[in-house]
Amino acid sequence: TFARKLLVGGNWKSHGSVNFVKEFARDTLNKISYNTSKLDLVVAPVSIHLRDAQEHIKNDIQICSQNISAFEDGAYTGEISSTQLVDLGVNWTILGHSERRHIFGESNSFVASKIKRAHDHGLNVIACIGETIDEREDGETLKACTRQLKAIREQVEDWNKLAIAYQPVWAIGTGKTATSDQAQEVHGHLREWIAEHVSQDAARLTRIIYGGSVNGENAGELINNPDIDGLLVERLSIKPEFEAIVKACN
Ligand code: PEP
C-alpha cells in the first residue's frame, strides 16, 4: 500500500534572535535523529534569520519561509519575493496561516494566488486552513474548510507541491487541541473532498497535516490516524519538547 511521507513543520512565527537560532540548532534541532526517507522535517524562522538557519541547522532539516509576497520582484516595499527565497536556497513556504488571514486580512483568493505564485517558482507550500470557534459551534466546520480548499483549487494545479495544514483556529496557541478523533474526522472529509473535486491522485498523494496545540504527549495519538500525515507546531517548535514531537512521528 502507498504511504505518504510524513511532514512535521515548526512555525517559529515572529520569535527568536540570531543567537536563539544558533543555540536552538546546536542544543535541540541538530540532535534530533529521524528517518529522512519517511519524514520531512521543516522549520520556519523569520525571514531575516533564514540565512542563519541555513548556516547553523543541519542539512537534512529543510528551511521554510512563513510567507511570500503576492508579487514578483519590484516596487513592493517590505515584501520578499519567491525569486528571492529561491535565490537563497529556500524551497518551502507556509501560506495562509490563520494569523495572516485574521490579523493581516488575507482572503481565501489572495492566499490561493500566493500559493500559485509560490508554485510558479517551484516552492513547496504548506497551506493552512481551518474553522473559527463560531463556525465549529454552528456546525460549519467542513463548509469553512472546503471554502478555503475550493479557492485553492480554483488557482492551483500542482497538488504535488502542496501540503494542507488543518488548523482549527480555536486550537491555535490556546492549549485546546482537537481530539485525535475530531482531527481525523476533518482530515478524512478533506481527503474525500480532494478526491471528488481535484483528483484521486491528489487525494492519495497530498499530505494533510494537523496543527493546533500539538505537544509531546498528544503527537503520537494524532499521527496514528490514517489521514493525519504530519503536524504543524508553533509554541513548542522553539522549545526542547519539539524533539519529542518529532520522535512521536518517527
Ligand atoms: C500555529 O499557530 O501554527 C500553531 C499550531 O500553534 P500552537 O502549536 O502554538 O498551538
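Any read-out appearing in this document is the output of simple, stated calculations on the displayed coordinates, not a laboratory observation. Here the structure is a predicted model, which means the values were calculated and not measured. Here the Cβ positions follow ideal geometry from the backbone for every residue, glycine too, while neighbour counts run over all protein chains shown.
General observations
- The share of C-alpha pairs in the stretch 6-248 whose separation exceeds 25 Å stands at 38 percent.
- Amide hydrogen proximity for residue 230: with H placed 1.01 Å from N in the peptide plane, the residues at 5 or more positions away or on another chain lying under 5 Å are 7, 210.
- Look at 147, 136 and count the other Cβ atoms within 10 Å of each Cβ; fewest to most, that gives 147, 136.
- For the stretch 37-44, backbone phi angles converted through the Karplus equation (6.51, -1.76, 1.60; θ = phi - 60°) give residue-by-residue couplings of 7, 10, 9, 8, 10, 10, 10, 10 Hz, Gly and Pro being listed as x.
- With neighbour counts taken as other beta-carbon atoms within 10 Å, the residues 231, 190, 142 rank, fewest first, as 142, 190, 231.
- Relative contact order (%) - the stretch 159-245, alpha-carbon pairs under 8 angstrom, separation at least six: 35 percent
- Cβ-to-Cβ counts within 10 Å put 236, 6 in ascending order as 236, 6, the fewest first.
- DSSP beta bridges fully contained in the stretch 1-124 are about 0 percent antiparallel.
- Each Lys or Arg adds one and each Asp or Glu subtracts one; over the other residues with Cβ under 9 Å from the Cβ of residue 229, this totals +2.
- In this structure the amide hydrogen of residue 91, modeled in the peptide plane, comes within under 5 Å of the amide hydrogens of 63, none closer than 5 places in sequence on its chain.
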